[in-house]
């Protein structure tokens, strides 16, 4: 991981610069990771006492943004650091002060937090550059432990999406030929196939951009915002298409009845605000300053739980609509579809709540990212 930025540290305060999850090495006192931090503070004076802190996620080091931590004095926070280094006059030079640390972890992966602790009475503005690596990871050493396996999941996923998109394209061409023969059932199903094709294409494009972003990150250690934001936007677009399709199917549209343009606008008004809110929440989780000292899943924040409640309301709407449609169609040819596949499709709405509950109650903070990807993307497939 390579990151840089600028902060204004006020008197007797702690300013967090970044966080990184280092792996562990069971061999005693052997290196698990390496951390390099360069700080440039042109206005630093000799009488200012500013310390770079390295805290980890153990309770007696940094328990998280709690009242216990907030009530500690500046000196007590310094004593809780696993490693620390005072800023010297070199930090005021154009090249700044370079500090190198050997990270030792023997039991399990841990989150480490990099912070500046200003114990003086003045305010200091500092630029920083951070490079953190997990030495044991080889070509993926730039990845934090929580992100290391993501690429190994995304590569097969983009292959699966590509194959599904090709198969769906073939199915669309077959349905188009049947529609030309004036088949009523194929005319109803053809919008279903086209919408599904759009959702698969968007998901495939999003996954490809995610793979590209992760490969570039592995090579250079930098986040590429354009690729990342574009991938997230395409994922949300795919979710909108697929959620719309599910709600329409629960009403019998695209299966038993022909979909009309008004149905699409109705789905946009219903799902648009929800999915835009999900997109903004995930962007906040990636770029908010508060995420430098927090490892919680964004959907376990107050706003995240509110979105999960909306998701469950949508699930309730889906179930009610499906029950009504099945009651009308059960004695016709489509009844079997609604009581089997219709019920199975409802699992899509459970992916987000299940992931949030697992991350809150069971999963370690360095595991939930991979698990959330596995659940939310697999249920889409």
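The values are calculated or read from the model by the stated rules, or taken from the named source; none is laboratory data. Please read these numbers as outputs of a predicted model, since none were measured by experiment. As a convention, Cβ positions derive from the backbone with ideal geometry for all residues, glycine included, and neighbour counts pool all protein chains shown.
Return yes when residue 142 is surrounded by fewer than 18 Cβ atoms within 10 Å (Cβ to Cβ) and part of a loop (DSSP other than H, G, I, E, B) and no when it is not. No. Every test in (1) free of Cβ contacts under 8 Å to residues at least 12 places away in the same chain; (2) farther than 15 Å from residue 14 by Cβ; (3) surrounded by 12 or more Cβ atoms within 10 Å (Cβ to Cβ) is passed by residue 99 save one, and that test is (1). The lone criterion from (1) assigned to a loop (DSSP other than H, G, I, E, B); (2) in contact with a strand residue (DSSP E or B) (Cβ under 7 Å, 6 or more places away or on another chain); (3) modelled with pLDDT of 85 or more left unmet by residue 11 is number (3).
Among the residues making up region 284-299, those that are in a helix (DSSP H, G or I) and buried (at least 18 other Cβ atoms within 10 Å of the Cβ) are 298, 299. Consider residue 271 carefully, then state whether it is buried (at least 18 other Cβ atoms within 10 Å of the Cβ) and under 24 Å from the mean Cα position of the chain (by Cα). Against the criterion (buried (at least 18 other Cβ atoms within 10 Å of the Cβ) and under 24 Å from the mean Cα position of the chain (by Cα)), residue 271 qualifies. Annotation note: Cβ proximity below 9 Å between a residue of region 163-184 that is in the same structural domain as residue 199 (by the TED database) and assigned to a helix (DSSP H, G or I) and a residue that is exposed (fewer than 11 other Cβ atoms within 10 Å of the Cβ) and at pLDDT below 85 (sequence gap 6+ or interchain) occurs for 164/381.
Out of everything in region 27-78 that is without any contact (Cβ under 8 Å) to a residue 24 or more places away in the chain and not in a loop (DSSP other than H, G, I, E, B), what residue ends up being nearest to residue 120 (Cα to Cα)? Ranking the candidates gives 76 first.
For region 79-121, how many residues meet the condition of being assigned to a strand (DSSP E or B) and out of contact with any strand residue (DSSP E or B) (no Cβ under 9 Å at 6 or more places or on another chain)?
0
Is it true that some residue in region 255-263 is under 16 Å from the mean Cα position of the chain (by Cα) and touching a residue at least 24 places away in the same chain (Cβ under 8 Å)? Looking through region 255-263, none of the residues is under 16 Å from the mean Cα position of the chain (by Cα) and touching a residue at least 24 places away in the same chain (Cβ under 8 Å). Among the residues of region 85-93, none qualifies, meaning not one is in contact (Cβ under 8 Å) with a residue 24 or more places away in the chain, closer than 30 Å to residue 140 by Cβ and exposed (fewer than 12 other Cβ atoms within 10 Å of the Cβ). Here 271, 281, 275, 312 are screened, and the one residue that is closer than 30 Å to residue 110 by Cβ, assigned by the TED database to the domain that holds residue 364 and assigned to a helix (DSSP H, G or I) is 281. Within the option set 124, 130, being within 24 Å of the chain's Cα centre (by Cα), assigned by the TED database to the domain that holds residue 15 and either free of Cβ contacts under 8 Å to residues at least 12 places away in the same chain or more than 30 Å from residue 191 (Cβ to Cβ) (or both) holds for one residue only, 130. Number of residues in region 107-121 that are surrounded by 15 or more Cβ atoms within 10 Å (Cβ to Cβ), farther than 16 Å from residue 40 by Cβ and within 27 Å of the chain's Cα centre (by Cα) equals 6.
Please work out which residue is farthest from residue 277 (Cα to Cα), limiting yourself to region 315-333 and to residues that are buried (at least 18 other Cβ atoms within 10 Å of the Cβ) and in contact (Cβ under 8 Å) with a residue 40 or more places away in the chain. Applying the filter and picking the extreme gives 329.
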